[in-house]
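Visitor: Structure below; questions to follow.
The values are calculated or read from the model by the stated rules, or taken from the named source; none is laboratory data. The model shown is predicted, which means the values in this text are computed figures rather than measured ones. Cβ sites come from the backbone with ideal geometry, for glycine too, and all protein chains shown count toward neighbours.
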Amino acid sequence: MLSWRELLVRFALVFFCFALWPKGFMYWGAALLVVAWLVDGGLFRFRGLLKEPLVLGILVFCGVWVVGLLWSDLAVAFQDRWRKYFLLLAFLPLYSLLNKERLPWAVGGLAGSYSTMVALGGYSWSMQGMQGVPLFGMIHLHYSAALGIGVILAIFGGWVVLAKGNKFLTVLLWLVALLLLFLQFHQNSRGFLLTTLVTSLLMFYLYYRTEGKLLLRSVISILAVAMLFAATSDAFHERLEAAKSDLQLSRQGNYQTSVGYRLAIWDIGLHGIAERPLLGHGSGMAKQYLKDSYITYKQGIYRNLSEFHEARHFHNELIEIGIHLGLLGILAFAFLLWSWFKTFRQHQMTLLGSAIVCFIFLSGLTDTFLITNRIPPFLLAVTAIAVCWQKYNGGLDLVDRKNLQIENITQNP
């Protein structure tokens, strides 16, 4: 019979996975993880956690934000959303709690919660004509990002089971990837959709880079599928036409559009970084800087932006971090991404690590990706589960295995 501590840990793991998606539940899930970790003696395992590159990367990244308070205005610093970066710390208790016996609970919880979220979003789109997942208070941007990550995981999973000789499950997983991509094409999110397509192309390049014909066929297939889905998506055509219209209006000095607004605030952000390039304006100061610059920057040519969109963030991870912490923060962010990739590489999952880091970086070019409530914790859960799964079901990296297969064919024709 399981002890009450073990029951608490397993419940915390499952609850955290289901708490990822409903609005506001993420904080309760993270808090319960911490409680379960403390009860399970997690503090005594903390030193061992530091051996994991991602843990060190998260601690350095979050530590820099704490240090950045020294040169910020504390009266306004905590009015900004930068505190959400600290949700990355949820990886520590989550990863520490996982072991071989608990892993199936986490896998089941994450798969069940993700499937439920996708199904509810699909129902909202197909039956109600609504974007995102209204029941969970999940906007279309976050839903699109979650779908994109699902596409990446399904493609990778297909190769994993193919390497083990299960062609049926491979086909099934790739059909799931197509379904998720189809749903993503019907969401009003250009940035995350493009990120998914570029990351998928990167994955196929890494996997088939030594096989020219297969690589070419893969690229043609991806482009053909993208063109087919684009042709059947009214949402895609509307967003494409809107982008063209937005660019024309921005050339005329009208920045009260989706594209024009981003161009304007990026202009403001780059100027703000140039003012204080090394240390930035301090943790939590980006929102106030943007709000003030609406009126003061370039004799107030952007003063009407407040009528279009409230000053919240810079819709670009690098600019956002640069305003807060300058070069120091950008280097900490780069170290975090490198640590994330290094964790995957250390556990022989270079392909998946490359895809996830690529997705994070590209997503951050059009949005402040790491301060969205749901997606970074979801990626951390995927990372923790993938690493632990590899520990107990380890083997060669997919790319290495592919190279070995090619060598064997060459040596034994």
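Visitor: What about Leu173, is it free of Cβ contacts under 8 Å to residues at least 24 places away in the same chain and crowded, with 17+ Cβ neighbours inside 10 Å?
Guide: yes
Visitor: Being outside any loop (DSSP other than H, G, I, E, B), in contact with a helix residue (DSSP H, G or I) (Cβ under 6 Å, 6 or more places away or on another chain) and surrounded by fewer than 21 Cβ atoms within 10 Å (Cβ to Cβ) is the filter here, so list the residues in segment 90-106 that pass it.
Guide: Leu103, Trp105
Visitor: Here's another thing I want to ask about it. Go through segment 1-85 and tell me which helices (runs of 4 or more DSSP H), entirely inside it, have 3 or more residues that are surrounded by 21 or more Cβ atoms within 10 Å (Cβ to Cβ), in contact with a Pro (Cβ under 8 Å, 6 or more places away or on another chain) and hydrophobic (A, V, I, L, M, F, W, C).
Guide: 25-39
Visitor: Further, regarding this structure: From (1) surrounded by fewer than 17 Cβ atoms within 10 Å (Cβ to Cβ); (2) touching a helix residue (DSSP H, G or I) at 6+ places or on another chain (Cβ under 7 Å); (3) without any contact (Cβ under 8 Å) to a residue 60 or more places away in the chain; (4) assigned to a loop (DSSP other than H, G, I, E, B), pick out the condition that doesn't hold for His315.
Guide: Single failed check for His315: (1).
Visitor: From Ile360, Ile356, Ile330, Ile323, grab the single residue that is in the same structural domain as Leu74 (by TED's automatic domain parsing), in a helix (DSSP H, G or I) and farther than 22 Å from Val55 by Cβ.
Guide: None of the other options fit; the residue is Ile323.
Visitor: Look at Gly132 and say whether it is outside the structural domain of Asn316 (by TED's automatic domain parsing), over 18 Å from Ile375 (Cβ atoms), buried (at least 21 other Cβ atoms within 10 Å of the Cβ) and not hydrophobic (A, V, I, L, M, F, W, C).
Guide: no
Visitor: What's the total number of residues in segment 243-302 that are within 29 Å of Leu74 (Cβ to Cβ), in a loop (DSSP other than H, G, I, E, B) and not hydrophobic (A, V, I, L, M, F, W, C)?
Guide: 8
Visitor: Filtering segment 84-106 down to residues that are of a type in the set (D, E, K, R) and touching a residue at least 40 places away in the same chain (Cβ under 8 Å), which residue is farthest from Leu370 (Cα to Cα)?
Guide: The extreme case among them is Lys100.
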